[in-house]
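Comments concern the structure below.
The values are calculated or read from the model by the stated rules, or taken from the named source; none is laboratory data. Small disclaimer: the values here were computed from a predicted structure and weren't measured. Cβ placement follows ideal geometry from the backbone for every residue including glycine, while neighbour counts extend to all protein chains displayed.
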Amino acid sequence: MTSDAANPEAANPGAADSDAVNLGLLLDVDGPIASPITRTIAIPSIASDLVKLANAGIPVVFNTGRSDEFLRGEVVGPLVAGGLRAEARVYGVCEKGAVWFRITPDGVGELTVDDTLVLPSALREGVERLIDERFADSMFFDHTKRTMISVEQRTEVDSDHYLAVQPEFDRAVLDLCTTLEIGTVWRTEAAPDASGTISVRIDPTIISTDIESVRVGKDLGAERALELIAATGPLPTRWRTVGDSRSDYAMADWLHREGYDVAHVDVRPADGIPETPYEVLTAPVDSTNDTAGAAFLSRWSGALAAGTLRGAGIIEHGDDRA
Ligand SMILES: [Mg+2]
């Protein structure tokens, strides 16, 4: 970001006091948008509310570890079918900031890949071999990734079984990285290369393990997202980030650090809510993942229709925060 980032309103005179809705959305996909069970948009109002918000001028960026192909199949289609307009500023930032594109009424626009974030092919091939030889009954290799390596729970496999096997797999990947002399970190365990450098992170989630450059993350995705939005029109100073994992807080951390007004929506706060310098919003206890994501999108789309998202775009949250 430029030095203006510390004072976003100076960078965007008029953004806060014009009639435009001063709000932007940064959305994790698996969890708040796509069901972690079906891995699709299973609640129809999610797509229709996203289209309403985007068509009203609110920038929407999907900030995900998923591939562009996943977004193309599971997210882009429903938005296009829902009537997304050409002027809507909607982007996919995939592979945690390494791959990005605009979503238009024609589908996926021009795709950009940061080649400096591509992992070594020897590691990719080694992980694929590991799956074939030892873990194929519980997980599969995601061939759609362009920069990172992702291994995902087979949907027919029980979650408890997967989560029991996953640490064994993660450990095998750490050993493989050591053999290939690639400095790696897994949870609290660091295995630097001979020069003391760590270049790769093993990042387990509840349905997958991502093996990735240490430079990628939801914070890099947020930075890319704001660059894309800033290049195509007014940049909101007020943001909502939405996610289901602890790592998703990095979006809001980054925005807060850069001087934006941000609140984070945690749709699966079962892991506990960390201390943050910004507000964290949660849905009622009986609503998690995409049910909670849908509730927030409906709330914002309702506020938009009621005219209460105008001007400074203040979203008031009372006790009933969904
Ligand atoms: Mg997620």
Residue, surrounded by the most Cβ atoms within 10 Å (Cβ to Cβ), within segment 234-267, restricted to residues that are touching a Lys or Arg at 6+ places or on another chain (Cβ under 9 Å) and polar (S, T, N, Q): T241
Selection count, segment 195-213, where residues are crowded, with 22+ Cβ neighbours inside 10 Å and not in a strand (DSSP E or B): 0
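From the list A225, A231, pick out the single residue that is closer than 23 Å to A88 by Cα and surrounded by fewer than 21 Cβ atoms within 10 Å (Cβ to Cβ). Give the derivation first.
Details: A225 fails: surrounded by fewer than 21 Cβ atoms within 10 Å (Cβ to Cβ).
One residue alone meets the criteria, A231.
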Filter result for the condition that a residue is away from the ligand (no atom under 12 Å from the Cβ), without any contact (Cβ under 8 Å) to a residue 40 or more places away in the chain and aliphatic (A, V, I, L, M), over A47, A56: A47
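Got at least one residue in segment 188-203 being closer than 15 Å to I131 by Cβ, polar (S, T, N, Q) and assigned by TED's automatic domain parsing to the domain that holds G126? Before the answer, list the steps.
Keep residues of segment 188-203 that are closer than 15 Å to I131 by Cβ, which gives 202.
Those left that are additionally polar (S, T, N, Q): none.
No, the conditions are met nowhere in segment 188-203.
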Failed item in (1) crowded, with 18+ Cβ neighbours inside 10 Å; (2) in a loop (DSSP other than H, G, I, E, B); (3) among the acidic types (D, E), with D286 passing the rest: (1)
Filter result for R102 (away from the ligand (no atom under 16 Å from the Cβ) and in a strand (DSSP E or B)): yes
Which numbered condition D248 fails, given (1) within 23 Å of A54 (Cβ to Cβ); (2) away from the ligand (no atom under 16 Å from the Cβ); (3) assigned to a helix (DSSP H, G or I); (4) of a type outside the set (A, V, I, L, M, F, W, C): (2)
Unmet criterion (only one of (1) in contact with a Leu (Cβ under 7 Å, 6 or more places away or on another chain); (2) among the aliphatic types (A, V, I, L, M); (3) within 16 Å of the ligand (Cβ to nearest atom); (4) not assigned by TED's automatic domain parsing to the domain that holds H264) for L130: (3)
Filter pass, V216 being in a loop (DSSP other than H, G, I, E, B), in contact with a Gly (Cβ under 8 Å, 6 or more places away or on another chain) and closer than 30 Å to T38 by Cβ: yes
